[in-house]
Amino acid sequence: MAKEAPAVCENADPASSVRGSAPSPDLLLVLLEVARSGRYTAAAATLGIDHTTVARRIAALEKAAGGRVLARSAGGWALTPLGERLAVVGQQVADVLRGVGPDGAVVDAVAGTVRVTATDGFSAYIASPAVAALRREHPDLSVEIVTATRQAAPTRSGTDIEVVVAVPQVHRAQVVPLGEYELGMYAAPGYLAEHGTPTSIDDLAGHGLVYFADSMLQVDELDAPRRLVPGMVDALTSTNVFVHVEATRAGAGVGFLPCFMADRHDDLVRVLPDLVAERLVYWMVVRREGLRQPTVAAVVGALREAVATMAPVLLPSTRGPAGT
């Protein structure tokens, strides 16, 4: 079971926290939790206080610090530059408190909850095994995985780690390239027996495409099949890559699929691997203050190691680097 956030005293007088030259640790811990969750109500639930108390603590902190520490964003509350500096100090306080157990015993610093947002395939086949292995070493770690295929969010409210395909355009965050993966055209043997096996790009133009819905695609980099084979028409589209795989296996058309997912199925045949092969990059975005947290840093390290270990599966062909 994940460790709870350090306790915050609900009955303490907020005004007393602003006497003196520095904000109290209690206020910094509240700021840290609001920054992580992006919402007062979520922070209140974690801290064991009500949301009005969270609001009073933030107001007291801003009075003590002499400026705004949080600003509204599309995803909730986000740290201002002043808030980021104070969150660094708050993280140091939290690390110390979490590192001391009953009777002063030292406890595992990799504890608590980390929220990860990533694509469907990455979440299932890369993140999940990596987290499972990490939890065997750190049983007090809890990881929430939210699946989404989208561009990186402009702010990190409510998310500790985000894994995307498009090159992230973000501010005040650390961007890390994780590694490449390859996509190709696949079809079921029964489909090919009925409709014929394409031997050229022109042949592909006569087949239906199983892929993302063009009108709902949020990542330009994922629009490769319509660029490579503009003559293909949509046969079955979905926002979920697992639907692409299963629809292709069922014979709905030719699917443009991540190789590390499609190659798991013996009933899928890769079509024109020498002519249609697209490489994309997984990018990881992490809040700068998040990298200072032992728990977040441990998950980051586990994801990087998992991608490196899976490189032969992610890149099954012997083609050169992406773009060549």
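Quick note: the coordinates plus some simple rules give every number you see, no bench work behind them. Worth saying up front: this structure is predicted, and the values here are computed from it rather than measured. All Cβ positions, even for glycine, are placed from backbone atoms using ideal geometry, and neighbour counts span all protein chains on display.
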Three-way shape label, region 48-207, alpha-carbon gyration tensor, a/c 1.5:
prolate
Volume per residue, Å³, of the convex hull around the alpha-carbon atoms of the chain?
141 Å³
Kindly list the residues of region 195-239 that lie in the label zone of residue 250, defined by a backbone N under 18 Å from the point 7 Å along the Cα-to-C-beta vector.
208-213, 234-239
By its C-alpha gyration tensor, with a ≥ b ≥ c as the square roots of the eigenvalues, how is region 180-279 shaped: rounded for a/c under 1.5, else prolate for a/b larger than b/c, else oblate?
rounded
Mean separation of Cα contacts under 8 Å, 6 or more apart, over the residue count of the chain: relative contact order %
20 percent
Among DSSP beta bridges whose residues both lie in the chain, state the antiparallel percentage, nearest 5.
65 percent
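Quote to one decimal, in nm, the extra length available between residue 288 and residue 219 on full extension: 0.36 nm per residue of separation minus the C-alpha distance between them.
Gain on extension, residue 288 to residue 219, equals 22.4 nm.
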With only Lys, Arg, Asp and Glu charged, each at its Cβ (+1 for the first two, -1 for the last two), find how big the charge dipole of the chain is about the Cα centre; round to the nearest 20 debye.
1220 debye
So how much slack lies between residue 266 and residue 313, counting 0.36 nm per residue of separation and subtracting their Cα-Cα distance, in nm?
15.4 nm
Given the options 43, 308, 244, identify the residue whose Cα lies farthest towards the positive end of the charge dipole of the chain (+1 on Cβ of Lys, Arg; -1 on Cβ of Asp, Glu).
43
